[in-house]
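Written out below as C-alpha cells is the structure these notes cover.
The values are calculated or read from the model by the stated rules, or taken from the named source; none is laboratory data. This one's a predicted model, so the numbers in the text were calculated from it and none came from an experiment. Heads up, the Cβs are rebuilt from the backbone with ideal geometry, glycines too, and the neighbour counts pull from every protein chain shown. Surface areas here come from the heavy atoms of the whole protein model, side chains and all, with no ligands, DNA or RNA. Shrake-Rupley method; radii C 1.70, N 1.55, O 1.52, S 1.80 Å.
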Amino acid sequence: MASRENIVVGLDIGTTKVCAIIAEADEGGVKVVGVGLTRAEGLRRGVVVNLDKTVESIRRAVEEAELMAGVEVRSVYAGIAGDHIRSVNSHGVIAVPRGGVEITRSDVARAIDAAKAVAIPMDREVVHILPQDFTVDDQHGIKDPTGMAGVRLEVDVHIVTGAVSSAQNIVKAIQRAGYQVTDLVLEPLASAYSALTEDERELGVVIVDMGGGTTDIALFHEGAVRQTSVIGLGGNNVTNDIAIGLRTPARDAERIKERFGAALAHVVSGDEEIRVPGVASQHERRVSRQLLASIIQPRMEEMLQLVVREIRKTDWGDKIPAGMVLTGGASSLEGTAMLAEEVLDMPVRIGYPMGVTGLTDSIQDPKYATAVGLVLYGVEREHEEARFSGRNDDSVWQKVLERMRGLLGDLFDGKR
Ligand SMILES: Nc1ncnc2c1ncn2[C@@H]1O[C@H](COP(=O)(O)OP(=O)(O)OP(=O)(O)O)[C@@H](O)[C@H]1O
Ligand SMILES: [Mg+2]
C-alpha cells in the first residue's frame, strides 16, 4: 500500500458536486488512485449555506475515493471560489541592503511584503499572493532576482482575497468531516494547473471554468497570473431557463440539457424532436431541439459576454494570443466552443485535465479540471516543503516534479 507521505488529495467543493481525487506521487509521476464524486448539498455559488449538508457531502466523496484507493485521507488541498472573491494587482519596492551586492530570498520576501501592504479590509482574507515580475534597478521582466546584484528591487504581484467567513466555513466543513486542510486554492488557478500548457501561459491565455453556480476566470501572460475574477452565473442558470421556457421540472430540465442541449441554435436541425415531461399533472409534450437550443444560447452568450467584459476591464484582455480554454461541467454543452469563438472572436478549446496517470478514464471530463489541478498544485507544494525542511523524501518529489514540468511547465514557483 502507498506510504502516506506520497499521497496528495484534491477536494473540489463545487455548487453541484463534491469531488475528491486521491493521487500517489512517485518517480513515475502523479497517479490517480481514487476518485469520489457526490452531489453537493448545502452550497450556493461556492459558499456554504448549510454546514451539516456540506459536511455530509464532503464525507461521502472522500470516503468513496478512500475505498477505491485503499488509503486513509488525513489532509486535503481544497478549492475556494464564489462571488466574494476579489483580486487586485499591486506593486512593492524595497532598497536592497548590503550595498546591493546580492539579492537574497529574504529581500524577495520583503519586496512581496511591501506589495502586500495595500489596504486589505479586516473582513477579507488573503488567499494568494502571486508574484508576476521583478524589476532590479531599471531592468524589467525578471522572473527570479535571487543572486542578482542591484540596489532597488521592485515586484508586481496579483493578490486574491476572499470573505473571511466564507473561507472559514469551507475549512470548518472539511474539518468537521474529519480532514485537515493543507491549503486553500482559488478554483480557476487549480483548473489552470491541469488544463493549460506552459506555452499557453507564456503566450497569454484565459481559462474560464464554467461550473454550476459560478464562472471563474484566470488570465495568464508571460507565465504569470495577471487577472482573476468570478462571475455569479453558471450552468444552473441555463437549467433554470430550460425549466421555465419548457415548463418542465428542474430535474428533467437538467437531463434534457445534458442529453439534447446545444449552445448554438443554427447548427441544430429543426426536425429533431424531444419529449418534455410536464409539471404536475400536465401532459408530456414534444418540442424541437432547435427550440431547446434557442433557450440555451442567449444565456450562454450572456455568460461569455460577461467574461469578455471582465477581461476588457484590464489591459491584459488583448494580450491573450493563445485564446480561451473552457473547463467546468457547463463547457460540456454541445457547441460551446463554437459559440465562444463567435462571441469572442478568438481561438477557443475545451480544457480536459492533463498531467496525471492512473484512473484517467474516470476523470476525462472538463468538470474534473479543478480537482485534478488541486492535486497537481499539492504535489508542487509538498515538494517545496520537502526542499525547505530538508526532508529525506525530497528526491521523490523532485523527480515527480520534473515529470510534471515536462507536461505542464513551471507554474507557480515563488508563490509564497
Ligand atoms: N454534458 C453536459 N452538458 C451540459 N451541461 C453539463 C453537462 N455536464 C455537466 N453540465 C453542467 O455543468 C454544471 C456543473 O459543472 P461543474 O461540476 O464544473 O460545477 P461545480 O464545480 O459543481 O460548480 P461551481 O464550480 O460553479 O461551484 C451543471 O450546471 C451541469 O448542468
Ligand atoms: Mg467548480
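The stretch between SER269 and ARG247 holds 5.7 nm of extra length on full extension. This uses 0.36 nm per residue minus the Cα-Cα distance. When LYS31, LYS367 are compared by accessible area at a 1.4 angstrom probe, the order from most to least is LYS31, LYS367. Each part gets one Cα centre, and for the range 143-200 versus the range 316-367 those centres are 22 Å apart.
Build a GNM of the chain with springs between Cα atoms under 10 Å apart, and of VAL32, VAL356, VAL279 the one that fluctuates most is VAL279. First select every other residue whose beta carbon is under 12 angstrom from the beta carbon of SER294; then total the charges, Lys and Arg +1, Asp and Glu -1. Net charge in that neighbourhood comes out at 0. Over the range 198-351, with every protein chain in place, what whole percent of the accessible area is carbon and sulfur at 1.4 Å, could you tell me? Ligands and nucleic acids excluded, carbon and sulfur reach 47 percent. Sorting HIS283, HIS128, HIS221 by solvent-accessible area of protein heavy atoms yields HIS283, HIS221, HIS128, largest first, with a 1.4 Å probe. Solvent-accessible surface of protein heavy atoms, probed at 1.4 angstrom with all chains present, puts ARG349, ARG259, ARG86 in the order ARG259, ARG86, ARG349, largest first.
Per-residue Karplus couplings for the range 30-42, computed as 6.51 cos²θ - 1.76 cosθ + 1.60 with θ equal to phi - 60°, are listed in order as 10, 10, 6, 10, x, 9, x, 9, 9, 5, 7, 10, x Hz, Gly and Pro entered as x. Multiplying the residue separation of LYS143 and THR314 by 0.36 nm and subtracting their alpha-carbon distance yields 59.4 nm.
Shape class of the range 198-351 from the alpha-carbon gyration tensor: prolate, with a/c at 1.5 or above and a/b greater than b/c. Derived scalar couplings between HN and Hα for the range 274-282 equal 10, 9, 10, x, x, 7, 6, 8, 6 Hz in order, rounded to whole Hz, by the Karplus curve 6.51 cos²θ - 1.76 cosθ + 1.60 (θ = phi - 60°), x for Gly and Pro.
Screening the chain for whole DSSP H helices of 24 Å or more along their axis (Cα) with average Kyte-Doolittle hydropathy at least 0.0 returns 289-312.
Counting only DSSP beta bridges whose two residues both lie in the range 198-351, roughly 70 percent are antiparallel. When peptides 225-237, 97-109 are sorted by average Cβ neighbour count within 10 Å, with the highest value leading, the order is 225-237, 97-109. Remark: the GLU342-VAL93 segment gains 85.4 nm on full extension, using 0.36 nm per residue and subtracting the alpha carbon distance. So what is the relative contact order for the chain, in percent, with contacts set as C-alpha pairs under 8 Å and at least six apart? Dividing the mean separation by the residue count of the chain yields 19 percent. Distance distribution note for the range 1-133: the fraction of Cα pairs above 22 angstrom is 57%.
Binning the C-alpha pair distances of the chain at 20 Å intervals from 0 yields a P(r) profile of 26, 56, 17, 2, 0 %, listed from the shortest bin outward.
For the range 68-221, relative contact order (Cα pairs under 8 Å, six or more residues apart, normalised by length) works out to 29 percent.
In this structure, the amide hydrogen of ASP26, modeled 1.01 Å from its nitrogen in the peptide plane, lies closer than 5 angstrom to those of LYS31, counting only residues at least 5 positions away or on a different chain. Beta-bridge orientation, the chain: approximately 75 percent antiparallel, per DSSP, counting only bridges with both partners inside.
Rounded to the nearest 500, the helix-only mean residue ellipticity at 222 nm of the chain stands at -11500 deg cm²/dmol, with each DSSP H run of n ≥ 4 adding -39,500 (n - 2.57).
What pairs from LYS116/LYS319; LYS53/LYS257; LYS31/LYS257; LYS17/LYS319 go past 31 Å between their alpha carbons? From the list (LYS116/LYS319; LYS53/LYS257; LYS31/LYS257; LYS17/LYS319), the Cα-Cα distance tops 31 Å for LYS31/LYS257; LYS17/LYS319.
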